[in-house]
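The values are calculated or read from the model by the stated rules, or taken from the named source; none is laboratory data. These numbers come from a predicted model, not from an experiment. Glycine also receives a Cβ, built like all others from the backbone with ideal geometry; neighbour counts cover every protein chain displayed.
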């Protein structure tokens with residue numbers, strides 16, 4: 001009889017123990033959710049770096065525009081400057097200036113150029129910067145029409161990059177960091193670990209289940225850090241079923257100073273302990289596509305029933321962290337998955353909006369880079385255009401000058417074509433450009449300058465043969481090509 005009683009006692013203990021074990025929260029039950037949310041924490045502070053690459057414009061572009069303004073008639077320059085002893089910029093007035101084509105878009109640029117041209121010895125200084133100091137004023141006037149044409153092309157390209165002043169195209173790295181911080185901490189700057197408590201939750205409310213409610217009508221938990229607290233922190237009334245181990249393995253988050261019956265929101269120490277499970281060292285090169293990936297991953301972890309949608313483990317009524325309940329955040333407006341969480345959950349929607357703005361900013365940087373590439377290529381034509389116009393003033397050499405100009409322009413145009421085939425070996429070689437990447441499919445594609453010039457020379461050999469290339473005009477053969485080549489390659 002005693003033996004049977006002993007067996008019965010052991011069986012009862014076993015059953016009770018088994019039930020208690022079954023009621024424990026599984027270790028790492030919320031590890032996936034915590035990992036994704038910690039990714040956002042790792043991007044916070046100033047750890048996210050976002051600076052879309054953009055081609056840098058050479059100083060020559062603005063200097064050519066200033067040179068063009070210095071060659072303009074004084075009457076033209078007076079549109080932009082006052083008659084004061086120290087001329088000041090004239091403000092654009094549609095009633096006075098609208099008859100000037102393109103003035104509304106370009107007035108500010110023209111004003112800056114006119115101010116630069118009005119300075120003493122401005123033209124001399126600009127010529128020196130452009131390495132045209134050897135060109136006389138008379139020769140410069142002879143090249144005036146060519147410079148005007150080149151400047152007009154440059155200005156049109158510059159103006160084309162000014163569209164898009166919306167938030168989406170003016171966003172910068174600082175704004176990106178502020179937006180991420182507001183999602184993670186509820187403020188634009190990452191707080192110290194001793195000042196984490198104030199912005200993660202709305203009006204304090206009892207019990208824990210009420211505080212861990214993110215429903216859009218009146219969200220009590222508002223930030224990523226607040227959500228981490230709800231799905232990862234044990235509290236001093238609910239800690240006997242391994243609640244502290246659902247996010248951080250067997251080591252767990254041992255802080256149990258949160259008393260939801262008196263403080264409602266987690267105290268500083270608990271939040272600081274929680275952040276230790278998130279990587280906050282090093283930097284991340286952020287791109288627009290990373291944010292939607294994170295948003296989609298987090299959204300996919302939500303579970304639903306007819307009462308709410310949930311982030312975190314939900315195995316009973318509410319998100320109380322009690323035995324057989326849930327370590328979670330609930331969204332009552334997502335019951336039965338009736339809404340898209342990326343629209344219904346405020347911070348997810350904010351991340352998606354940020355991603356959209358970043359994508360537009362990256363696209364704008366690409367457009368600007370292409371325009372800047374065109375500007376820099378065209379700016380290289382200045383010397384050849386000025387030189388050809390200057391050589392054309394010499395007796396009997398206009399035909400040769402035309403050939404030299406054609407060579408220069410062909411080189412510039414071919415360079416533009418070749419540049420477009422960067423990192424595409426097949427297209428580069430088919431375009432008869434010079435592939436610099438060796439056997440690799442990635443590399444630079446450059447113009448074969450001497451080959452292009454030779455092609456032009458052959459094409460125009462008949463014309464050159466018919467021109468006067470003897471006697472005192474042998475300058476065409478012996479000096480003009482050499483001078484032009486030097487100027488082009490400078």
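Out of contact with any helix residue (DSSP H, G or I) (no Cβ under 8 Å at 6 or more places or on another chain) and farther than 25 Å from residue 241 by Cβ - does that describe any residue in the range 370-380?
yes
Would you confirm whether any residue within the range 165-176 is at pLDDT below 85 and buried (at least 18 other Cβ atoms within 10 Å of the Cβ)?
Within the range 165-176, not a single residue is at pLDDT below 85 and buried (at least 18 other Cβ atoms within 10 Å of the Cβ).
Pick out the one residue from 266, 260, 279 that is assigned by TED's automatic domain parsing to the domain that holds residue 339, in contact (Cβ under 8 Å) with a residue 24 or more places away in the chain, in a loop (DSSP other than H, G, I, E, B) and surrounded by fewer than 21 Cβ atoms within 10 Å (Cβ to Cβ).
279
Being out of contact with any strand residue (DSSP E or B) (no Cβ under 6 Å at 6 or more places or on another chain) and under 19 Å from residue 119 (Cα atoms) narrows it down to one of 36, 69, so name that one.
Of 36, 69, the one residue that is out of contact with any strand residue (DSSP E or B) (no Cβ under 6 Å at 6 or more places or on another chain) and under 19 Å from residue 119 (Cα atoms) is 69.
Suppose we keep only residues that are outside any helix (DSSP H, G or I) and within 39 Å of the chain's Cα centre (by Cα) within the range 73-86. Which one would you say is farthest from residue 116 (Cα to Cα)?
Top of the filtered list is 79.
Keeping to the range 116-139, report how many residues are in a helix (DSSP H, G or I), within 15 Å of residue 65 (Cβ to Cβ) and in contact (Cβ under 8 Å) with a residue 40 or more places away in the chain.
Number of matching residues: 7.
State whether the residues of the range 302-323 include one that is at pLDDT 95 or above, in a loop (DSSP other than H, G, I, E, B) and within 35 Å of the chain's Cα centre (by Cα).
Checked the range 302-323: at least one residue is at pLDDT 95 or above, in a loop (DSSP other than H, G, I, E, B) and within 35 Å of the chain's Cα centre (by Cα).
Let's see how each residue does on (1) touching a strand residue (DSSP E or B) at 6+ places or on another chain (Cβ under 9 Å); (2) outside any loop (DSSP other than H, G, I, E, B); (3) over 18 Å from residue 346 (Cα atoms):
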| site | (1), (2), (3) |
| --- | --- |
| 191 | no, no, yes |
| 197 | no, no, yes |
| 203 | no, no, no |
| 206 | no, no, yes |
| 209 | yes, yes, yes |
| 217 | no, no, no |
| 226 | yes, yes, no |
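Identify all residues within the range 50-108 that are touching a helix residue (DSSP H, G or I) at 6+ places or on another chain (Cβ under 6 Å) and more than 30 Å from residue 363 (Cβ to Cβ); write none if there are none.
Matches in the range 50-108: 66, 67, 68, 69, 70, 71, 77, 80, 81, 89, 97.
For the range 104-115, state whether one or more residues are part of a loop (DSSP other than H, G, I, E, B) and either surrounded by 14 or more Cβ atoms within 10 Å (Cβ to Cβ) or within 28 Å of the chain's Cα centre (by Cα) (or both).
The answer is no, given that none of the residues of the range 104-115 is part of a loop (DSSP other than H, G, I, E, B) and either surrounded by 14 or more Cβ atoms within 10 Å (Cβ to Cβ) or within 28 Å of the chain's Cα centre (by Cα) (or both).
Out of all the residues in the range 234-251, which are in contact (Cβ under 8 Å) with a residue 60 or more places away in the chain, part of a loop (DSSP other than H, G, I, E, B) and within 22 Å of residue 39 (Cβ to Cβ)?
246, 247, 248, 249
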